[in-house]
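Report on one structure; see the data block that follows.
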Amino acid sequence: MRSFVKVNHRTAFSMKKQIALFLLFISCGLSAQTPAGKIAERTKNMKYQPGYFNYWVDTLQGKIWLLVDRFDQEFLYVNSLPAGIGSNDLGLDRGQIGASRIVYFNKVGKKILLTQPNYGYRALNGAKNEERAVKESFAQSVLWSFNAEEEESGKALVDATAFFVRDAHGVADRIKNLKQGSYSFNEARSAIYAPNTRNFPLNSEFEATITFVGGDAGRFVNSVTPTPEAITVRMHHSFVQLPDADYKPRTYDIRSGYGGSLFFDYASPISDPIEKIYLNRHRLKKKDPGAVMSDPVQPIVYYLDNGTPEPIRSALLDGARWWNQAYEAAGYRNAFQVQILPDGADPMDIRYNMINWVHRSTRGWSYGASIDDPRTGEIIKGQVTLGSLRVRQDYLIFTGLLSPYETGKPAPETMKIAALQRLRQLAAHEVGHTLGLMHNFASSANDRASVMDYPHPVVSLNDKGEMDFSKVYTNGIGDWDKRAILFGYQDFPAGANEAVELNKILEENTARGMLYISDYDARAADGMHPSAHLWDNGKDAAQELKNMLAVRQKALERFSEKAVPVGTPMSKLEDLLVPVYHYHRYQLEAVCKLIGGMNYSYSVRGDKQPTPEILPADMQSKALDAALDCLDPEVLTIPERILQIIPPRPPEYYGVGELFPKRSGMNLDPLGAAEALTNYEFSFLFNAQRANRLVSFKARKNTIGFDDVTDRLIDRVFNAPIQSGLSGQVQMQTQQLIISWLTVLNGSNSANYEVKAICLDRLQSIKKMMESRLQASDANKAHYEYAVERINKPKDVQLPVAIEIPPGSPIGCEEADGPDF
């Protein structure tokens, strides 16, 4: 949401001054203004709550009676979830913000309609007839109908209970869509939640306890509810005064790193596009716009959940406060502040930008959301949600790497220090979203220039071959972050051409080598940008993969019972082995995306950013070699020494934890683990869009093609001698998987003709290879015969259901909507 100039909902006053204002607000005659006459008679035995919208609480009937005295005056309506379900997979967490809408009350006879106008379509030239034409061309939404129970002096009293006691957050539909049960809202078990139903001068807050009843509860619901037949949460409703008109929207630019509010302006000249986007940002002004360094008129203040324990509390405060470095670089003094939420303050109050500490039963994503003014893009409130299990997952990863529990010795502080440093970065990252910033996934290749990337821990081997955690995470805002804040929040002196000055900032970013690539480019399985990846490290992706494999090998060599404290079930070693075995997975993904890759930028006409360019053949070839190294049996095979110390799960531990996939019953399945990791890599190498691109890129620039990829893959996997023991079984499994992926891609409607031709040709080559080996030796006869049979009859042979790699993203954190913004 946005800040205010006349009265800033978050920062204009200290907590003591806010309380004093509210007391003054009441003492200056609000209670004396209690409506008289019929309304007074109807509400005489109820508790009066004066504020933005006056209302009464009928404690006997459990009702809210709302006084509607602002007809046809717009305000902001926001619903949220102050008490959630506690499952990351369900995505219904404490502190989650729902829809935010501009609405107004419209009276039609006895009916009072709560109407949402359509701000997606406008006419901004001020011509009333043009505004009317646009308004009448597009639908509005009537959100609710109230009945005027009493009326006098242009005011109406309505029973608003049913509006507040309902499934406003769409919980039942969410559970149903995720196939976690069939639940419906139960009015008998739902009621107004009086402790969080409060009133303030500029916002009215209402809350309800909402219960859903049903059955067929899924695993996610069963794991977090005391009785799965009934799910009870709380839903919050806010009526908020809209900001004043003293805010100047800033035009969005694709190069800026910000999100935006999109609408269509039908009053635009015919030569201009009707699509308009305003930058999402807080309101911030310098007291002296002409000064190089100035105090703000009103600072931006965030509040950390006072239920956050130490040492996490200090780490989150430190990390969130990093942003003051960026505002200082933009010429603001003390413009960004972070404080502990005072006791008695309501975190759902619109006046407080919040950093919430949320508990779930499983780890997941963190969120940085905001409540915005749809008219201008101004952020009114930032709402950060951080999951408490995040730090434990980081600690688990580092424990697996170090196996630190020496008998009789205290565990080293290395893991704790690294995990807390990750929390600092996490706090900065999610707060960054609530300042308006998008992800910048090119940061890791740009000397870790932004906290808006997803950072993989930087662990290396020192000269002694020991793990070095000294650079595990950054310790401050990056250079990109400072430049982004400069673009979004710089306050220009009178007479300056804002558009020209903002473009200068972006051109300077290019001249400084600043990179910005956001979500879809990095998240897509067919992604191709050389610098845009999640959880990767370094400028040279292939070299960094080798470094990670070395760290992984060191961790596996030292992995032992010392990975868990004395008295811990030995089966818990599997929990720690999972992130160690998959330690390189995201760097492997980054390497695979270089194959068939292209460098590009979010350029606009007239700037000096580079034009799209196919990656050089040597870069792609190096990436392919690094990816093929990950298919070696030595990488895929879990050492026998480790397999011998991990027993099946004991009672009370069945299915608890993120474990290896298994086709072997309760015991750890090393072939299943290898198959899942191999399938993960092949999901990139055999991606249809990547294969198509490899064909066209080779034709255009004579770089490596899909034929080269398949040839080198087949040579590496099929021409190596079959080893003995478990490693040999892993080799033959990988060969069968290649046949599977070639067969699937050959039958894919997404593959072009040349890709299909290459797949068919390579399958026939593998068939001849298998037939020749079958004739030459009886060793591995069944494997060769099965391979030939599958190639001959791809539609008749039933393939095993693919085993998927265990959850990994987010690395030591918590965030489930995909993007955390």
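Quick rundown of the values:
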item	result
Residues SER750 and GLN73, FRET efficiency given R0 of 51 Å [Cβ-Cβ distance, rounded to 0.05]	0.45
Structure-derived Kirkwood radius over Cα pairs in Å: which label, when the choices are (i) 29.8; (ii) 27.3; (iii) 31.8	(i)
Label-to-label distance, nm, for residues given as MET293 and VAL801 (7 Å Cα→Cβ offset)	6.3 nm
All-pairs Cα distance distribution in region 542-638, expressed in whole percent, bin size 10 Å	14, 33, 23, 16, 9, 4, 0
Most to least packed among 162-169, 699-706 [average Cβ atoms within 10 Å]	162-169, 699-706
Size of electric dipole in the chain: Cβ of Lys, Arg +1 and of Asp, Glu -1, about Cα centre, debye, nearest 20	900 debye
Region 320-363 shape via C-alpha gyration tensor axes, a/c threshold 1.5	oblate
Listed peptides 239-247, 602-610, 737-745, 588-596 by packing density, highest first (mean Cβ within 10 Å)	588-596, 737-745, 239-247, 602-610
Selection from LEU284, LEU317, VAL301, by position along the positive dipole direction of region 271-324 (Cβ)	LEU284
Kirkwood-based Rg to Rh ratio, region 125-239, C-alpha trace	1.12
Built amide H within the under 5 Å cut-off of LEU304, gap 5+	GLN339, ILE340, LEU341, ILE355
Karplus (6.51, -1.76, 1.60) ³J(HN,Hα), θ = phi - 60°, over region 463-472, in Hz, Gly and Pro reported as x	4, 8, x, 9, 6, 10, 9, 5, 10, 4
Tilt relative to the chain, helix 688-701 - C-alpha long axis, 0 to 90 degrees, to 10	70 degrees
Karplus-derived 3J(HN,Hα), 6.51/-1.76/1.60, for each residue of region 496-502, Hz, glycine and proline x	6, 8, 4, 4, 5, 5, 5
Distance from region 100-116 to region 462-521 (C-alpha centre basis), Å	44 Å
Within region 592-694, GluC sites (Glu not before Pro) in DSSP loop having at most 14 other beta-carbon neighbours inside 10 Å	GLU652
Nearest-ten-degree value, helix 128-137 long axis tilted from longest Cα axis of the chain	50 degrees
Helix-derived mean residue ellipticity, 222 nm - over the chain, DSSP H n ≥ 4, -39500 (n - 2.57), to 500	-10500 deg cm²/dmol
Long-range HN-HN contacts of ILE380 with modeled amide H, under 5 Å	ARG2, ILE371, ASP372, ASP373
Whole-Å distance, taken between Cα centres, linking region 697-713 and region 549-578	40 Å
Around PRO249: net Lys/Arg minus Asp/Glu count, Cβ-Cβ under 10 Å	+3
Angle in degrees between helix 725-746 and the longest Cα principal axis of the chain, rounded to the nearest 10	60 degrees
Hypothetical label at LEU113: residues of region 139-180 whose amide nitrogen lies under 14 Å (7 Å Cα-Cβ projection)	139-147
Gap separating the Cα centres of region 581-619 and region 48-66, nearest whole Å	58 Å
Pairs of Cα atoms farther than 21 Å apart, region 331-405, %	50 percent
Cβ charges +1 (Lys, Arg) and -1 (Asp, Glu), total dipole of region 95-169, debye	280 debye
Region 172-179 - phi-based ³J(HN,Hα) in whole Hz, Karplus 6.51/-1.76/1.60, Gly and Pro as x	4, 5, 4, 5, 5, 5, 8, 6
Residue-normalised accessible area of region 269-376, given per residue in Å² at a 1.4 Å probe	38 Å²
Placed amide H near ASP468: partners under 5 Å, 5+ positions off or other chain	SER460, LEU461, ASN462
Sulfur and carbon atoms: percent of accessible area, the chain [1.4 Å]	51 percent
Å² of accessible area per residue within region 117-258, as computed with a 1.4 Å probe and no ligands counted	47 Å²
Dipole-positive endmost among ILE231, GLN723, GLY344 within the chain (Cβ charges, Cα centre)	GLY344
For region 96-255, with +1 on Lys and Arg beta carbons and -1 on Asp and Glu, the positive-most of ALA148, VAL103, TYR247 along the dipole	TYR247
Ranked packing of 530-542, 144-156, most packed first, by mean Cβ within 10 Å	530-542, 144-156
Per residue, in Å², the accessible surface of region 588-667 once ligands and nucleic acids are set aside, probe 1.4 Å	50 Å²
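The values are calculated or read from the model by the stated rules, or taken from the named source; none is laboratory data. As the structure is a computational prediction, the values presented were derived from the model and not from experiment. Backbone-built Cβ (ideal geometry, glycine too); neighbour counts: all protein chains shown. Ligands, DNA and RNA are excluded from the accessible area calculation, which covers all protein heavy atoms including side chains. Shrake-Rupley method; radii C 1.70, N 1.55, O 1.52, S 1.80 Å.
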